[in-house]
Amino acid sequence: MSTAGLNANRPLSPHLQIYRVTMTMAMSIIHRITGVGLYLGTVLLTWWLVAAASGPAYFNFVNRIFGSWIGLVILFLFSWTLIHHMLGGIRHLIWDTGTGLGKPARDILATATLVGSTTITVLVWIVGLLVR
């Protein structure tokens, strides 16, 4: 008896519509997105450094852009991306030791990464605005 007919309705390779989204899967996707965000944020940082080296007029122009409400939102998201990606890297380092690989520990670490990155980002911005 051939088994080809039994598997005719199954996909040849799994895809996202087959899997149930888990916390660690979502965090993996977010980690990749934050990696891309770091590249884009580094371009902005480079632009700011070039402006600083170009003279006061261009530096003030770039600072006005970064100081606008949209600039501040972008900088806030860049700082969250940086902190979130860092905490995700620490989570992976913990896994590299063989710790936290069970389902409850994985979910706790994933949630801690999300909550921790948001909390640290908000605290950094509060301190930055108070010092300013």
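The dipole here belongs to the chain: it is taken about the Cα centre, uses +1 on the Cβ of Lys and Arg and -1 on the Cβ of Asp and Glu, and is about 180 debye. Kindly provide the Kirkwood hydrodynamic radius of region 46-112 in Å, to one decimal, from all pairs of distinct alpha carbon atoms. Result for region 46-112, one decimal place: 14.6 Å. Remark: region 108-123, residue by residue, has Karplus-estimated 3J(HN,Hα) of 5, 5, 5, 5, 4, 5, 5, 5, x, 5, 5, 5, 5, 4, 4, 5 Hz, where x stands for each Gly or Pro and the curve is 6.51 cos²θ - 1.76 cosθ + 1.60 at θ = phi - 60°. Taking all Cα pairs closer than 8 Å and separated by 6 or more residues, the relative contact order of the chain comes to 27 percent. Scaled to the globular estimate 2.2 N^0.38 Å, the Cα spread of the chain, given as radius of gyration, is 1.52. Applying the Karplus relation 6.51 cos²θ - 1.76 cosθ + 1.60 with θ = phi - 60° to region 61-70 yields 3J(HN,Hα) values of 4, 5, 4, 5, 5, 5, x, 6, 5, 5 Hz, where x marks Gly and Pro.
The 3J(HN,Hα) values that the Karplus relation (6.51, -1.76, 1.60; θ = phi - 60°) gives for region 44-60 are, in residue order, 5, 4, 4, 4, 5, 5, 5, 5, 5, 7, 8, x, x, 5, 5, 4, 5 Hz. Gly and Pro appear as x. Computed over the chain with a Gaussian network model linking Cα atoms closer than 10 Å, the most mobile of Thr81, Thr119, Thr22 is Thr22.
Each value in this text was obtained by applying a stated rule to the coordinates, not by laboratory testing. Nothing here was measured: the structure is a model prediction, and the numbers come from that model. Here the Cβ is made from the backbone with ideal geometry for all residues, glycine too, and neighbour counts use every protein chain on show.
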